[in-house]
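Below is one structure, written out as structure tokens; the observations come after it.
Rule-based calculations on the coordinates, nothing more; no lab input. Nothing here was measured: the structure is a model prediction, and the numbers come from that model. Using ideal geometry, Cβ is built from the backbone for each residue, glycine included, and neighbour counts are taken over all protein chains shown.
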Amino acid sequence: MPIKVGIPRALLFYEYYSLWISFFEELGAEVIVSEKTNKEIIDIGVKNTVDEACLPVKVFHGHVMDLKNRVDYIFIPRIISLTEGEYICPKFCGLPEMIKYSIKDIPKFIDTTINFRKSKKNLNRTVMEIGSYITQDKKKIKRAFEIATEKYNNHRMLMETGLLPNDMLKKDFLGEVPQPSKKDKVLLLGHPYNIYDSYMSMEVIDKLRKHGLRVVTCDNLETDVIDEKAKTLNKKMFWSFGRKILGTTLHAIEDDGVCGIIYMACFGCGLDSVIAEIVERKVRRSSDKPFAMLSLDEHTGEAGINTRIEAFVDMIRWREDHEDNLSTYR
Amino acid sequence: MKITFPHMGNTYIALKVVFEELGVEVIVPPKCNKNTLELGTLYSPELMCIPFKITVGNYLESIKKGADTMFMWGGRDVCRIGYYNTLQRDILENLGHDIKMLCVKPMKSIREIEHFLEKLNFVSGTKNYLKILKSFIQGLKTLCRIDEFDDLVIKIRAREINKGEVDRLYSNFKRDINNGKGYRRTMEIIGQYKKKLLNLEIDNNKEVLRVGIVGEIYTVLEPFINHYLIERLGNMGVEVHRSVTSSEFIREQLDFIPFIKSNKHDIHRASEPYLDTEIGGHARHTVGNTVIYSEKNFDGVIHLLPFTCMPEIVAQSILTVIEKEKDIPILKLVLDEMTGETGYLTRIEAFLDLLISRREKKSYEKSISWS
Ligand code: SF4
Ligand code: SF4
């Protein structure tokens, strides 16, 4: 019987799923990903998390609950830093503890510390430690990581052609690329686990697409371009997530193909409270693109979000219709 | 140049001393009040943590009094505080205030201390490093003396025989401190009031509850944010212990210097079984100090945190386990601009009732086992 490794479909899953899944599969483990977020998962997560936690962390708890009786291990790495000189939200560092102390009868964790703040030198050790839960064969671990990395890189390349993780996660995904057209890009900003989790985001991506708009995110932009732009900030952004968002925003401000920007923030998120503020200030100061802030919490109603999206789209259309007039005034 | 800084409890006294010794004009912001919070909330991002909002209020109130240079801690923490000054500068600029911001980083190495002294050099306009170093050390000493004094106040308040005496003495103390100037005068006042304090009539045999306070430093130290929790508990006959103080905060940064000691290692040891890494803010302290309070047989612990405070939320989920494993009651108080006083007080009273009944039960069990 292969060892069953559970991966919660939440938080950084949306960023790293291709890497994680293929790594464990190459090691010979059976990978079980929790169900798609649904009402039950949210409710059970909310019930099992401290009240003050942000919604995504509560949802993560829900996904762990969904897995706990059907796997041998749950993969909950303690992530401190993913990039040299940068951090991510403090909650990721404490995530294994939060889970351990909030959920009873939980299977064993793979809770290896991932900390590349000083350098990526310990990458190899980190990989070996994670792999050792499944096999002691070092060569096999090395090989598995190589294959997984290749998959992950392919995955990133596909995204640079315009695909989004939620497209690729679809069962019937055939690898086709949405047709790019001219001036119809909407930049959607926010944590990957908010924008790509279609239940959480109330299908914002599909909704925008139905209005004939093309949705782009930080993931569609090459890393180098993002970094280059982020370097121009007066104050270095030390959260990796924030650097991506700000770099992409600066790029989009100058990109005529981008006709509007949406930030999907999450109530109670410490990072969003800072980053969304900086983004909004930047967009409003140096561009006239329509900007909307959508805020998610446990009680956000779909109707409210729909109205906001429609108002946003109307604004874009209005701009299109009046573009010529506007430019003559300038 | 007229310099100002945000409030955090009594920290202002030490900062005031440093700048006065350097001969710079200091504008101490008005004591945090309702207006400070309202102003700060009005101009801050809605979902920011409350220390940010109050500090914005402090700045605005100081600017009104003529301040043109802001001095603040910031910089290196992985948490939101690392962005406070960038955003705050932007907010103030947008409001049309032309101000200078001096941001100092934590002082964890000689290089960083030098950096701090350079800032002081800039402020004072003097090249006399000896003078700068001297005022810096005087500031540190003041900070320590104030914290000692406050600890004594807490002890005596819980045991005073004539109700209200300590509070009256304390408000006179603050008045004199605010009118006094410079290091020598400040130390003199602290000394005087310490004597007065020790002369107050107290009931040494009084059985007092002992409650430890843990949490995010700002909410612990700024009485306006925690609704004067420490004073209140004292007046209810509770002896409070604050686990984070500004002098300890600084000592922990400077303890690479041989003669400076801090409790850092003790705290890390205590928190290790539950949390063995730094995750920003004061989370590790919160966990470690709660364990230490339970080891020292405190009656209970109060955990203070700003609404949406990321590190403290992690700590909080761990505290729920410590509460059971170490059998020590913990009251969590989440603070923001909407915290209503009535509900807040009711919760504190209920908590104290619980602590009293636990004590009685314990002493009853003891007396039974003796007979
Ligand atoms: S980044 Fe925001 S949403 Fe994500 S875990 Fe931290 S507080 Fe929650
Ligand atoms: S520790 Fe808490 S209060 Fe301090 S910056 Fe971070 S979130 Fe805000």
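The C-alpha atoms of chain B define a longest principal axis, and helix B:283-295 lies at about 30 degrees to it. Of all aspartates and glutamates in the structure, the ones whose alpha carbon falls short of 16 Å from that of residue A:142, not counting any fewer than 8 places away in one chain, are A:25, A:26, A:129, A:150. Close amide H partners of residue B:100, meaning residues 5 or more places away or on another chain with modelled amide H under 5 Å apart, are B:69, B:70. Taken along its three principal axes, the alpha carbon spread of segment A:1-73 comes to 38, 25, 18 Å, from the longest extent down to the shortest. When +1 charges are put on Lys and Arg Cβ atoms and -1 charges on Asp and Glu Cβ atoms, the dipole computed for segment A:4-159 relative to its Cα centre reaches about 420 debye. Could you pull out every one of the lysines with an alpha carbon less than 25 Å from that of residue B:65, ignoring same-chain neighbours closer than 8 positions? Residue B:65 reaches B:2, B:16, B:31, B:34, B:53, B:100, B:119, B:174, B:181.
Using a Förster distance of 56 angstrom, determine the FRET efficiency expected from the C-beta separation of residue A:233 and residue B:353, and round it to 0.05.
0.60
For segment A:205-219 and segment A:60-95, write down the distance between their C-alpha centroids in whole Å. When both Cα centres are located, 28 Å separates them.
Relative to the dominant Cα principal axis of chain A, helix A:240-254 is inclined by about 20°.
Cross-link check: pairs A:47/B:362; A:185/A:289; A:118/A:151; A:100/A:138; A:47/A:68 evaluated at a Cα-Cα cut-off of 22 Å; pairs beyond the cut-off: A:47/B:362; A:118/A:151; A:100/A:138.
Each stretch of four or more DSSP H residues adds -39500 (n - 2.57); spread over every residue of chain A, this sum gives -15000 deg cm²/dmol at 222 nm. Each Lys and Arg adds +1 at its Cβ and each Asp and Glu adds -1 at its Cβ; summed about the Cα centre, chain B shows a dipole of about 1040 debye. Length available on full extension from residue B:98 to residue B:167: 0.36 nm per residue minus the Cα-Cα distance, which gives 20.9 nm.
With point charges of +1 on the Cβ of Lys and Arg and -1 on the Cβ of Asp and Glu, referenced to the Cα centre of segment A:165-320, which listed residue (A:278, A:304, A:186) lies farthest in the positive direction of the dipole? So the residue we want is A:278.
A DSSP coil position with no more than 13 other Cβ atoms inside 10 Å describes the following trypsin sites (Lys or Arg not before Pro) in segment B:1-95: B:65, B:76. Each Lys and Arg Cβ is given +1 and each Asp and Glu Cβ -1; about its Cα centre, the protein assembly as shown then shows a dipole of about 2020 debye. Farthest toward the positive end of the dipole of chain B, out of B:178, B:225, B:367, is the Cα of B:178, where the dipole comes from beta carbon charges about the Cα centre.
Counting beta carbons within 10 Å around each of A:25, A:254, B:325 and listing the fewest first gives the order A:254, B:325, A:25. Calculated FRET efficiency, residue A:38 and residue A:308, Cβ-Cβ r, R0 35 Å, to nearest 0.05? So, using R0 = 35 Å, E works out to roughly 0.90. Sorted ascending by nearby beta carbons within 10 Å, beginning with the fewest, B:299, A:137, A:272 become A:137, B:299, A:272.
The C-alpha atoms of chain A define a longest principal axis, and helix A:55-67 lies at about 40 degrees to it.
In order along segment B:303-316, the Karplus-derived 3J(HN,Hα) couplings, from 6.51 cos²θ - 1.76 cosθ + 1.60 at θ = phi - 60°, round to 10, 9, 8, x, 4, 6, 6, 5, x, 6, 5, 4, 4, 4 Hz, and Gly and Pro are given as x. Rounded is the label for segment A:165-320. Its Cα gyration tensor axes, ordered a ≥ b ≥ c, give a/c under 1.5. Exposure proxy for B:274, B:170, A:87, B:218: other Cβ atoms within 10 Å of each Cβ, ordered fewest to most, give B:170, B:274, A:87, B:218.
Of the cross-linked pairs B:105/B:332; A:36/A:104; A:4/A:120; A:91/B:264; B:64/B:155, those separated by over 32 Å at the C-alpha level are B:64/B:155. With K and R counted +1 and D and E -1, the other residues having a Cβ less than 15 Å from that of residue B:43 yield a net charge of -4. Each of residue A:256 and residue A:113 was given a label point 7 Å from its Cα along the Cα-to-Cβ line. The distance between the two points is 5.2 nm.
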